[in-house]
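Asks: Take this structure, written in structure tokens, and hold onto it; I'll ask about it next.
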Amino acid sequence: MTMDAGLAEDMPAAGPGPLQGLKVLDLSRVLAAPLATQILGDLGAEVLKIEQPGRGDDTRGWGPPFLEDGSARPDAAYYFCANRNKRSVAIDFGKPEGAALLRRMAAGADILVENFRTGGLARYGLDAASLLRANPRLIYCSITGFGQTGPYATRGGYDFLIQGMSGVMSVTGRPEGEPGAGPMKVGLPVSDLFTGLYATVSILAALQHRERTGEGQHIDCALLDSQVSLLVNQAMNHLVGGAVPRRLGNAHPNVVPYRDFAASDDYILVACGSDGQFRALCRLLGREDLAADPRFATNAGRNRDRRVLEVELARAIAPWRAADLLAAMERAGVPGGPINGIDQVLQDPQVIARGMLREMRRDDGTPVTVLGFPGQLSRSPATYRLAPPRLGQDTRAVLAEALGLGADEIEALRAAGVIALAEPPPGTGSSA
């Protein structure tokens, strides 16, 4: 899809960002760690994305769909979700010369983020201990499935596996006895996303520690740890009450009514977080008898007798048209909403007004619309400087700028297969 004409231009001009001047080496791929480095880039850091020559980030091939740009190997849509505000440098650090280049780059970096298996970078001298000895101010963030310690440390971790192992799938899906019952993963890779966010928070905390002490450090972020920490009320319900949480479909384990209901033409969501909102809903539906029933006077009672209450509410809601009921609920101060498709939410006027869609252009002029940064910083907002790069697009420039390599040295590294230089943008005929 494309943005409405002029939308990006309507946004106020932004400064360089609060993290301007910080240099980030991104040795990661797929989603959790690339999301963290994209956030750092959005906030102004210079991010160098180190990629395997000839292949690059795995997600470049995770299509269709692909962004058709006239090239022989266009990048998949998936790649664009976590790789803006980065420069792509194609270095094979499996070769000694490539590893040496990265060690030199790490000596001048502020942050390094990687998501290789535990211990996987030690043989290249790119592990935390080696690089922190050479650069004690370095903040080195490792993102793995299970962390650097514990009995599962050497296992590979993937979002789907973590959703299952962490308990998330045990509370997601239709309840037992209903059609379609069974454990279900969330429709987004939430374990990856949560870990990327926790990694970013940890990196920013480490920057503050370095500001006070001058010390860098190693950050150990695990998908399983991150997902367990976000079991929140479900875990606390068990730790305090002893019961094992179960699948409730779209119902809430603690708050009632808080679920989907079928109107005459579509489903709607009802989310009553207080007794007052519940009474307002009952008045709106013409069911003051439910509000007056002692069983339903408090949330605890509504939770205890939820099945009886929800059947009655479902009967009262069924005759309404969804849009009419939602409009009436808004006037009455009862929280509710539609269940949007992805196409609908990306066209929602609130989403557009908040700047959550941003049009960028790659170095060949190909436009791509990306999702915006959600935090609205009044003094130092996120910026959108660099569209997700082509593989190896910046290898030549970065090696010259960061390490002072001359044209002959760069060509020798290319000839030896240590680095790769991007093909010229389609239709330009110029060298990258």
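Asks: Being farther than 28 Å from Gly406 by Cα, open to solvent by 50 Å² or more (accessible area, probe 1.4 Å) and among the aliphatic types (A, V, I, L, M) narrows it down to one of Ala107, Ala129, so name that one.
Replies: When all the criteria are applied, what remains is Ala129.
Asks: Which members of the stretch 364-379 meet the condition of being of a type in the set (D, E, K, R) and either over 13 Å from Leu67 (Cβ atoms) or touching a His at 6+ places or on another chain (Cβ under 7 Å) (or both)?
Replies: Arg379
Asks: Working only within the stretch 218-232, note down all residues that are open to solvent by less than 20 Å² (accessible area, probe 1.4 Å) and either among the aliphatic types (A, V, I, L, M) or at positive phi (or both).
Replies: The answer is Ile219, Ala222, Leu223.
Asks: Working only within the stretch 138-160, note down all residues that are in contact with a helix residue (DSSP H, G or I) (Cβ under 7 Å, 6 or more places away or on another chain) and in a loop (DSSP other than H, G, I, E, B).
Replies: Leu138, Gly145, Phe146, Gly147, Gly157
Asks: Restricting to the stretch 161-182, and then to whatever is free of Cβ contacts under 8 Å to residues at least 40 places away in the same chain and in a helix (DSSP H, G or I), can you tell me which residue is most open to solvent (accessible area, probe 1.4 Å)?
Replies: By that ranking, first place goes to Leu161.
Asks: Condition (residue is open to solvent by 10 Å² or more (accessible area, probe 1.4 Å), in contact with a Gly (Cβ under 6 Å, 6 or more places away or on another chain) and either part of a helix (DSSP H, G or I) or at pLDDT 95 or above (or both)) applied to the stretch 307-325: is it met by at least one residue?
Replies: no
Asks: Report yes if Glu215 is open to solvent by 60 Å² or more (accessible area, probe 1.4 Å), part of a loop (DSSP other than H, G, I, E, B) and touching a His at 6+ places or on another chain (Cβ under 8 Å), otherwise no.
Replies: Yes; evaluated as a whole, the condition is true for this residue.
Asks: Name the residues in the stretch 236-250 that are surrounded by 13 or more Cβ atoms within 10 Å (Cβ to Cβ) and either without any contact (Cβ under 8 Å) to a residue 60 or more places away in the chain or in a strand (DSSP E or B) (or both), would you?
Replies: Answer for the stretch 236-250, where residues must be surrounded by 13 or more Cβ atoms within 10 Å (Cβ to Cβ) and either without any contact (Cβ under 8 Å) to a residue 60 or more places away in the chain or in a strand (DSSP E or B) (or both): Asn237, His238.
Asks: Would you confirm whether any residue within the stretch 56-72 is closer than 27 Å to Ala397 by Cα and basic (Lys, Arg)?
Replies: For the stretch 56-72, residues closer than 27 Å to Ala397 by Cα and basic (Lys, Arg): present.
Every residue, every condition in (1) of a type outside the set (Lys, Arg); (2) surrounded by 14 or more Cβ atoms within 10 Å (Cβ to Cβ); (3) touching a Ser or Thr at 6+ places or on another chain (Cβ under 6 Å), yes or no:
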| position | (1), (2), (3) |
| --- | --- |
| Leu371 | yes, yes, no |
| Gln376 | yes, no, no |
| Arg379 | no, no, no |
| Pro388 | yes, yes, no |
| Gln393 | yes, yes, yes |
| Val398 | yes, yes, no |
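Asks: Moving to a separate point now. Within the stretch 183-212, count every residue that is touching a residue at least 24 places away in the same chain (Cβ under 8 Å) and open to solvent by less than 70 Å² (accessible area, probe 1.4 Å).
Replies: Matching residues across the stretch 183-212 total 15.
Asks: Additional query: So is Arg103 charged (D, E, K, R) and modelled with pLDDT of 95 or more or not?
Replies: Answer is yes for this residue.
Asks: What are the residues in the stretch 37-83 that are out of contact with any Phe, Trp or Tyr (no Cβ under 9 Å at 6 or more places or on another chain) and at positive phi, if any?
Replies: Once the filter is applied, which keeps residues that are out of contact with any Phe, Trp or Tyr (no Cβ under 9 Å at 6 or more places or on another chain) and at positive phi, the stretch 37-83 yields Gly44, Gly54, Gly70.
Asks: Same structure again: Give the residues of the stretch 41-61 that are open to solvent by less than 10 Å² (accessible area, probe 1.4 Å), assigned to a helix (DSSP H, G or I) and farther than 19 Å from Leu204 by Cβ, sorted by residue number.
Replies: Selection gives Thr59 alone.
Asks: Name the residues in the stretch 62-94 that are within 23 Å of Ile419 (Cβ to Cβ) and open to solvent by 70 Å² or more (accessible area, probe 1.4 Å), would you?
Replies: The answer is Ala72, Arg73.
Asks: Residue check, Arg331 against (1) more than 26 Å from Pro253 (Cα to Cα); (2) in contact with an Asp or Glu (Cβ under 8 Å, 6 or more places away or on another chain), all met but one. Which one?
Replies: That leaves (2) as the condition not met.
Asks: Next question. When you scan the stretch 341-354, do you find a residue that is more than 21 Å from the chain's Cα centre (by Cα) and open to solvent by less than 70 Å² (accessible area, probe 1.4 Å), even just one?
Replies: Checked against the condition, which is being more than 21 Å from the chain's Cα centre (by Cα) and open to solvent by less than 70 Å² (accessible area, probe 1.4 Å), the stretch 341-354 yields no hits at all.
Asks: Within the stretch 393-410, which residues are without any contact (Cβ under 8 Å) to a residue 60 or more places away in the chain and in a helix (DSSP H, G or I)?
Replies: Once the filter is applied, which keeps residues that are without any contact (Cβ under 8 Å) to a residue 60 or more places away in the chain and in a helix (DSSP H, G or I), the stretch 393-410 yields Arg396, Ala400, Glu401, Ala407, Asp408, Glu409, Ile410.
Asks: Could you list, ordered by first residue, the pairs with Cβ atoms under 8 Å in which the first is in the stretch 257-279 and closer than 12 Å to Glu310 by Cβ and the second is open to solvent by 30 Å² or more (accessible area, probe 1.4 Å) and among the β-branched types (Val, Ile, Thr), at least 6 apart or interchain?
Replies: Asp260/Ile339; Cys272/Val255
Rundown of residues vs (1) assigned to a strand (DSSP E or B); (2) open to solvent by less than 30 Å² (accessible area, probe 1.4 Å); (3) at pLDDT below 95, yes/no style:
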residue	(1), (2), (3)
Pro16	no, no, yes
Gly21	no, no, no
Val24	yes, yes, no
Arg29	no, no, no
Ile39	no, yes, no
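The values are calculated or read from the model by the stated rules, or taken from the named source; none is laboratory data. This structure is a prediction, so every number in the text was calculated from the model and none was measured. Virtual Cβ from ideal backbone geometry, glycine too; neighbours counted across all protein chains shown. Side chains are part of the model used for accessible areas, which takes the heavy atoms of the whole protein and leaves out ligands, DNA and RNA. Shrake-Rupley method; radii C 1.70, N 1.55, O 1.52, S 1.80 Å.
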